[in-house]
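Coordinate-derived values only; no laboratory data. Just so it is clear, the model here is predicted, and its values are computed rather than measured. Please note: Cβ atoms are built from the backbone with ideal geometry, for glycine as well, and neighbour counts cover all protein chains shown.
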Amino acid sequence: MNMKLKTLFAAAFAVVGFCSTASAVTYPLPTDGSRLVGQNQVITIPEGNTQPLEYFAAEYQMGLSNMMEANPGVDTFLPKGGTVLNIPQQLILPDTVHEGIVINSAEMRLYYYPKGTNTVIVLPIGIGQLGKDTPINWTTKVERKKAGPTWTPTAKMHAEYRAAGEPLPAVVPAGPDNPMGLYALYIGRLYAIHGTKRQLRYRPACKSWFVCVCVTKTSNSCSRKYRSVPAYSLLMSR
């Protein structure tokens, strides 16, 4: 499967990144009634640096978009040695019940509250292209889970990609070429939370109908997150 087609596949399903190169940060919930968690950090990029900003985001379990927002003007592709980077690990939890999954599109973050743990797991996400945005002010639930998901484009999706000169197969089977990744949590027929092999960069890179896209770090870490979310978990999008 060519890279262009892989990129186009990312447009075809409503998705949120479930596992990522940046992985996830687990915070203890505040005990004083506040919503503030975590501590910001400051680092200095070493001299002779050859790594992109994305590398440092992954080192500190952050999404690239969050790092870019915290460090305006820093070269995304090759930050200069000696540059001071802000690591925005302090955040304010959404003003919602601490239950299930909460997606904040503006922040490009997913919050998961594992039952009975008094913790919140925060993952970076990407969101859909213009006109296919993430639903907001929406409360629903995870209806089912699937390891090794397949992907079946709708008739509308087939028409869109056929018009673009990139016809889609009827069904994309589970496997390394499937943009749905290793695991999926389905929210109705057109929405899902899933992993993918694509890197989180900018909002337009996602081209999805819900939120997307984090890159699978390891099958073990992705599997643990997948197993920890029960079916029928509450899901809220803000």
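Here are the numbers for this structure:
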| read-out | value |
| --- | --- |
| Nearby aspartates and glutamates by direct alpha-carbon distance to residue 80 (threshold 13 angstrom, same-chain neighbours under 8 apart not counted) | 47 |
| Rough spin-label spacing in nm, given labels placed 7 Å along Cα→Cβ, for residue 166 and residue 47 | 4.5 nm |
| Sparsely packed GluC sites (Glu not before Pro) within segment 39-125, loop by DSSP, other Cβ within 10 Å at most 10 | 47 |
| FRET E, pair residue 26, residue 174, Förster distance 30 Å, beta-carbon r, rounded to 0.05 | 0.55 |
| Exposure proxy order (Cβ contacts within 10 Å, fewest to most) of 37, 84, 172 | 84, 37, 172 |
| Ranking of 101, 43, 121 by count of other Cβ atoms within 10 Å, fewest first | 43, 121, 101 |
